1. Identify, from the list 53, 91, 62, 104, the residue that is in a helix (DSSP H, G or I), in contact with a Phe, Trp or Tyr (Cβ under 9 Å, 6 or more places away or on another chain) and over 30 Å from residue 402 (Cα atoms).
2. Give the stretch 145-175 a look and list any residue that's more than 27 Å from the chain's Cα centre (by Cα) and in a loop (DSSP other than H, G, I, E, B), or say none.
3. I'm trying to understand the selection: among the residues of the stretch 12-29, which are of a type in the set (A, V, I, L, M), over 10 Å from the mean Cα position of the chain (by Cα) and surrounded by fewer than 21 Cβ atoms within 10 Å (Cβ to Cβ)?
4. Please count how many residues of the stretch 117-130 are without any contact (Cβ under 8 Å) to a residue 60 or more places away in the chain and surrounded by 19 or more Cβ atoms within 10 Å (Cβ to Cβ).
5. Taking residue 286 as the residue in question, decide whether it is in contact with a strand residue (DSSP E or B) (Cβ under 8 Å, 6 or more places away or on another chain) and more than 20 Å from residue 194 (Cβ to Cβ).
6. From the list 140, 146, which residue is out of contact with any strand residue (DSSP E or B) (no Cβ under 8 Å at 6 or more places or on another chain) and farther than 18 Å from residue 392 by Cα?
7. If only one of 260, 246 is of a type in the set (A, V, I, L, M), part of a loop (DSSP other than H, G, I, E, B) and on the phi < 0 side of the Ramachandran plot, which one is it?
8. Between 9, 34, which is at pLDDT 90 or above, closer than 27 Å to residue 187 by Cβ and either part of a helix (DSSP H, G or I) or over 20 Å from the mean Cα position of the chain (by Cα) (or both)?
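The values are calculated or read from the model by the stated rules, or taken from the named source; none is laboratory data. Just so we're clear, the structure is a prediction, and the values are computed from it rather than from any experiment. Neighbour counts run over all protein chains shown; Cβ positions are idealised from the backbone, glycine included.
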Amino acid sequence: MDVVVLSRIQFAINSCFHYLYPPMSIGLGIMLVIMGGMYLKTKDIKYREMTHFWIRIFALTFALGVATGLVQVFAFGTNWARYSRFVGDVFGSALACEGIFAFFLESGFLGILLFGANRVGPKLHYFANICVCLGAHFSAIWIVVANSWMQTPAGYRLEETPLGPRAVTTDFWAMVFNPSTVDRLIHTIIGCWLTGAFFVISVGAYYLLKQVHLPIARTMTKLGLWLALAFLVMQFFSGDSSARLIAKFQPAKLAAFEGIYKTEPGPTPISVIGWVDKKTEEVHSLKIPGVLTFLTYHNLKTPIAGLDQIPRDEWPNVAAVFQTYHMMVMMWTLMFIVTICGLWYLKKGRLENARWLLWSMMISVSFPHIAQQCGWISAEMGRQPWIVWKMLRTVDGVSESIHPSQVMGSIIMFITMYLLLFVLFIFLLDRKIKHGPEKEDEFDLLYRNFMKQGARISDKK
């Protein structure tokens with residue numbers, strides 16, 4: 001394989017592994033705000049214990065998210081130097097805003113959130129909770145802004161330099177609010193909220209299966225299910241809006257999503273499930289007539305533009321994009337089914353006896369992750385061969401001085417390192433979940449012991 005393919009594989013591995021953690025941090029951030037708010041409103045000790053429990057898990061996901069995210073920043077300089085030179089003026093401002101508005105806010109109040117529950121008042125602790133949650137969301141905002149600019153560039157001009165053209169920001173707010181930013185940001189954030197909701201549902205279902213921590217497990221499960229339903233409905237409308245935006249600005253991507261090789265007259269059907277035959281350039285699938293046209297244009301007349309209207313050298317990998325896109329949709333469907341079944345059995349008072357459903361709810365923690373990984377893969381592969389839409393091809397963004405053997409070596413190193421980190425994460429997460437929420441007096445005792453141990457170390461020094 002050449003250096004371009006290997007560099008794309010390397011960046012995909014880094015991105016996919018890193019993106020396991022930010023959705024959990026953002027999703028748990030909003031769940032913590034809701035749990036903490038419920039405690040302030042009701043003074044029910046269950047919500048305080050739940051908040052303390054999920055704060056510790058949030059800290060674990062936050063730490064790994066920061067550590068794995070730094071790798072991507074360095075990859076821009078090592079493997080994608082020409083791309084960095086081209087977009088540096090645009091990306092520099094967006095990434096600087098992330099550091100100022102996200103990391104400073106999140107890390108500044110994280111210490112109070114983790115260790116201040118028994119040292120500051122409940123309102124100040126809740127304020128720290130909100131600030132950490134906002135910091136996590138601000139980080140997502142600026143990353144999505146940068147990525148959206150690559151999909152629909154705006155607020156720039158091309159400037160010729162001795163090393164080639166580069167994009168220069170001419171209107172900062174036009175760059176920030178480029179045509180796809182708002183839709184893509186809403187879709188991404190709701191996906192993160194779903195990750196947090198199903199994380200809470202999964203742990204609650206596990207405790208119900210084990211018949212431990214029952215009062216808290218019932219509350220967690222009920223809260224998670226109702227929030228999941230709300231987020232799933234929001235995501236349905238967000239996905240519809242995003243698809244219409246793609247039809248307007250990136251028709252090749254939409255054609256790949258549905259495997260539309262030829263533009264047919266009349267309304268275009270939507271594929272429910274199937275596969276792409278690359279040799280014959282046909283899609284064998286279960287189709288619903290006219291639905292894609294109706295969802296995209298809100299009529300039954302306008303056909304969807306096929307790949308036959310696009311130069312062949314600008315076609316993405318249709319089979320990969322088709323399958324990942326439909327896998328994302330399938331995960332939404334499974335999440336919706338699990339949520340509806342969970343709420344139905346909860347209403348009937350039979351949830352704790354429905355072991356098959358509790359097992360399904362436990363497994364459902366993986367559904368948002370699969371949906372998000374597939375969604376990003378389909379979005380990024382559907383943009384190919386452009387790394388910046390209609391401006392810079394991917395093959396022109398790779399560094400000139402790297403050798404395929406160097407990239408292959410780094411891929412092996414990253415896979416090994418990420419596997420070790422993932423095993424460590426699962427081990428620590430499993431231990432925290434099995435330990436479960438601590439009673440209020442247990443939490444205070446642990447904190448006092450921690451402070452005493454720190455004081456002894458200080459005295460010895």
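1. Numbers: 53 fails: in contact with a Phe, Trp or Tyr (Cβ under 9 Å, 6 or more places away or on another chain); 91 fails: over 30 Å from residue 402 (Cα atoms); 104 fails: in contact with a Phe, Trp or Tyr (Cβ under 9 Å, 6 or more places away or on another chain).
Matching residue, one of 53, 91, 62, 104: 62.
2. Listed by number, the residues that qualify are 162, 163, 170, 171.
3. Step one: filter the stretch 12-29 for residues of a type in the set (A, V, I, L, M), giving 12-13, 20, 24, 26, 28.
Okay, now just the ones that are also over 10 Å from the mean Cα position of the chain (by Cα), so 12-13, 28.
Passing the criteria: 12, 13.
4. Of the residues in the stretch 117-130, the ones without any contact (Cβ under 8 Å) to a residue 60 or more places away in the chain are 119-121, 124, 127-128.
In the following step, the residues that additionally are surrounded by 19 or more Cβ atoms within 10 Å (Cβ to Cβ) were identified as 128.
Count: 1.
5. Values: in contact with a strand residue (DSSP E or B) (Cβ under 8 Å, 6 or more places away or on another chain): yes; more than 20 Å from residue 194 (Cβ to Cβ): yes.
Here the answer is yes, as residue 286 does meet what is asked.
6. On the way: 146 fails: farther than 18 Å from residue 392 by Cα.
Just one listed residue meets the conditions, 140.
7. Values: 246 fails: part of a loop (DSSP other than H, G, I, E, B).
Going through 260, 246 in turn, the sole match is 260.
8. Criteria check complete, one pass: 34.
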